[in-house]
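Take a look at the structure set out below.
The values are calculated or read from the model by the stated rules, or taken from the named source; none is laboratory data. This structure is a prediction, so every number in the text was calculated from the model and none was measured. In this analysis, Cβ positions are derived from the backbone assuming ideal geometry, glycine residues included, and neighbour counts consider all displayed protein chains.
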Amino acid sequence: MPFGLMAQTPWSLKTCIEYGLKNHRSNAVYANQKRIADAQAKEALADYLPKLSLTGTVDDNLKVQETVIPGGVFGPEDMRVAFTKRYNTNGVAQIDQTIYDQSLLTGLKANKYNVQQAGLNQQQNDEAIIYNISTAYYQIMVYNEQLNLLNANKETYSKQIEVSALKVKKGVSLQKDLDKVTVDLNNAISQIRVAESNLTLAENQLKYEMGFPITDALKVDSNDVTQTAGSAGLMVDTGRFAAANRTDFRIAQIDAKLLEIDEDRIKAGFLPKLTAYARYGAVGFGDQLGPAFSSMSTYSAVGLKLSFPIFDFFKRNAQYSQAKYKRLNAQENLKLNEGKFQLEYENARTKLIKEQSNVDNNRRNIDLARSVFNTTDLQFQKGITDLTDWLNAQNSLKEAQNNYLSSLYQFYLAKIDLEKAGGTLKTFYSAL
């Protein structure tokens, strides 16, 4: 019931974005990536937790191996002795605990950044949803405005056809004058059909960006057109740009930090590793399989194991060098991106100022063209001017309308591009 009522109510931009942030299918993908990061953190921690292994073997020595005892030990002749029997069983349980492994300890530092990176990826996806929904929504607004203007033009031509047809009937006007107006009316009807088709395509695009069912109706709030268009002259924010506001820059910072941790982890691989272990097992022997299990003897041991890598120095040193230069490149790319993002912001800001001016100018041009047309229309009714001047004035009005619609959409794009370049898409959404 709430969904049905919502579907009947015109959707504002904020409502569309709110729906998209909750229902877009990509949300599940990035939520799973966050779960993967959590699982990776647990996996890394598990390397420093105790490890328990159970091993059991049963050997059937088809031909028992013999060992030679040299002569002079138990007699003058060499003796061949078997130190096992045909069946040999062995079971052992061993627990290992890493006491010191600097490479593992260093790797654990990456867990926090992996989780942060997954969260930022999800935030970046939210920003992409906001941007895509906004551009699709603005396209619909412009097409709605275009249809309003085209329908008004159609009504003007329809009235003029009635007047021209009456004049032709009375013999005070030629048929070609009626045909000229009819051609323009047909062109207006064709433009309306194209605009209606474009509007349907734009609505489908908006539904896709929202994760909204394509077959369901979605009515955009047409009041947003006049409200947003009327505020085209708003002042551009002159606050200082900060690259850290951009999610992609913060993701790049985390990537650089992860490469630094990886470099330290490889370097720590040169250090020795200390491990403690405890072992408990049982071994049995027999000429038959049964006694090999029934006569098992237990044994146990505890100890420390110190391992120090020596002969893999060259391989590990090459890996360390690779990690080092990857980290240096990431840091240089951060500086490059900071300048690149600054450039994008300044360009977007400049473009928005220009498009604001274009919208204002083109809106004034519409008023002027409409004023000229109204005057020409009045003169035509009084017989002061001819139909050619009337058609020229109407065509000038249509051209002014087209320029206005084009500049209006460019203004919308420049506005959302500035929010994207400044890393303030979430703020833009909250302020709607």
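Any idea which of Tyr137, Tyr131, Tyr113 is within 30 Å of Arg265 (Cβ to Cβ) and not aliphatic (A, V, I, L, M)?
Tyr113
Residue by residue, here is whether (1) without any contact (Cβ under 8 Å) to a residue 40 or more places away in the chain; (2) in contact with a Phe, Trp or Tyr (Cβ under 6 Å, 6 or more places away or on another chain); (3) under 24 Å from Lys207 (Cβ atoms) holds:
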residue	(1), (2), (3)
Tyr19	no, no, yes
Asn23	no, no, yes
Ala28	yes, no, yes
Asp38	no, no, no
Ala46	yes, no, no
Pro50	no, no, no
Ser53	no, no, no
Gly71	yes, no, no
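Could you tell me whether any residue of region 309-321 is of a type in the set (D, E, K, R), in contact with a helix residue (DSSP H, G or I) (Cβ under 6 Å, 6 or more places away or on another chain) and in a helix (DSSP H, G or I)?
no
Can we say Ala301 is in a strand (DSSP E or B), without any contact (Cβ under 8 Å) to a residue 60 or more places away in the chain and of a type outside the set (Lys, Arg)?
Judged against the criteria, Ala301 is a match.
Would you point out the residue of region 173-206, among those that are within 33 Å of the chain's Cα centre (by Cα) and crowded, with 16+ Cβ neighbours inside 10 Å, that is nearest to Leu13 (Cα to Cα)?
Top of the filtered list is Leu206.
Say whether the condition of being within 30 Å of Lys426 (Cα to Cα) and of a type in the set (Gly, Ala, Ser) is met by at least one residue in region 40-59.
yes
Among Ala292, Ala268, Ala278, which is modelled with pLDDT under 90 and within 30 Å of Asn88 (Cα to Cα)?
Values: Ala268 fails: within 30 Å of Asn88 (Cα to Cα); Ala278 fails: modelled with pLDDT under 90.
The match here is Ala292.
Would you tally the residues in region 152-208 being on the phi > 0 side of the Ramachandran plot and touching a strand residue (DSSP E or B) at 6+ places or on another chain (Cβ under 8 Å)?
Count: 0.
Give Lys34, Lys22 a once-over and let me know the one that is touching a helix residue (DSSP H, G or I) at 6+ places or on another chain (Cβ under 8 Å), basic (Lys, Arg), modelled with pLDDT of 85 or more and not in a loop (DSSP other than H, G, I, E, B). First the steps, then the outcome.
Numbers: Lys22 fails: touching a helix residue (DSSP H, G or I) at 6+ places or on another chain (Cβ under 8 Å).
The unique qualifying residue is Lys34.
Give region 366-378 a look and list any residue that's within 15 Å of Ser164 (Cα to Cα) and not acidic (Asp, Glu), or say none.
Leu378
Does Tyr143 satisfy the criteria of being more than 16 Å from Ile189 (Cα to Cα), hydroxyl-bearing (Ser, Thr, Tyr), in contact with a helix residue (DSSP H, G or I) (Cβ under 6 Å, 6 or more places away or on another chain) and in contact (Cβ under 8 Å) with a residue 24 or more places away in the chain?
no
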